[in-house]
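> What follows is a structure written as structure tokens; I'll ask about it next.
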Ligand SMILES: [Fe+2]
């Protein structure tokens, strides 16, 4: 399976959205594979991590995020579950779960209800090792146009997550304990 062939089906090569998506996804893939190499005793599926990390944000073009060159009609927070649906249609349902479960440190059904988020009401939490590794790796790389951004520091990542509440930082810290060896 060639993740970049799937990206090219939905993104014009060289467009702003394709450039940002490909750069970001490649950085997340590299970070995720590095983490996986440190936890080989947990038996991570390296091929799956490579593919799913490259595809985890495939849904962004369906959302309205002009700064990313995306002009869809859905809220940005929807990019995860929309990406899941897209990959299910591509015959990649397990990769699709990574899309749905990587946003923030995962979104619980209770969060969706409490904050009235425009999402289907179900838990969207990383469950498998591979889902957790990609979710964690993603937090170190923002999506920005221009030259590739350096990896965020742990302090910066925790500060970003803290805007969503202390319980989210705790969830991130648990992932950090698992993967920062
Ligand atoms: Fe991402």
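Read-outs: derived from the displayed coordinates by stated rules, not from any lab. Keep in mind that this is a model prediction, so the values were computed, not measured. Virtual Cβ from ideal backbone geometry, glycine too; neighbours counted across all protein chains shown.
> Take each of the peptides 46-58, 72-84, average the number of other beta-carbon atoms within 10 Å over its residues, and list them starting from the highest.
Values: 46-58: 22.7, 72-84: 19.9.
Ranked from most to least packed, the peptides come out as 46-58, 72-84.
> Where a ≥ b ≥ c are the square roots of the eigenvalues of the C-alpha gyration tensor, would you call the stretch 99-145 rounded, which needs a/c under 1.5, or, failing that, prolate if a/b is larger than b/c, or oblate? Provide the component values of the computation, followed by the final result.
Values: a/c = 2.83, a/b = 1.44, b/c = 1.97.
It comes out oblate by the Cα gyration axes.
> Let me ask another. Tell me, what is a quarter of the convex hull surface for the C-alpha atoms of the chain, in nm² with one decimal? Present the calculation step by step, with values, prior to reporting the outcome.
On the way: hull surface 39.4 nm².
Hull-based average projected area comes out at 9.9 nm².
> Calculate, in nm to one decimal, what residue 76 and residue 180 gain on full extension: separation in residues at 0.36 nm each, minus their alpha carbon distance.
Result: 34.5 nm gained on full extension.
> So how much slack lies between residue 5 and residue 88, counting 0.36 nm per residue of separation and subtracting their Cα-Cα distance, in nm?
Details: separation 83, 0.36 × 83 = 29.88 nm, distance 1.58 nm.
Value of the extension gain: 28.3 nm.
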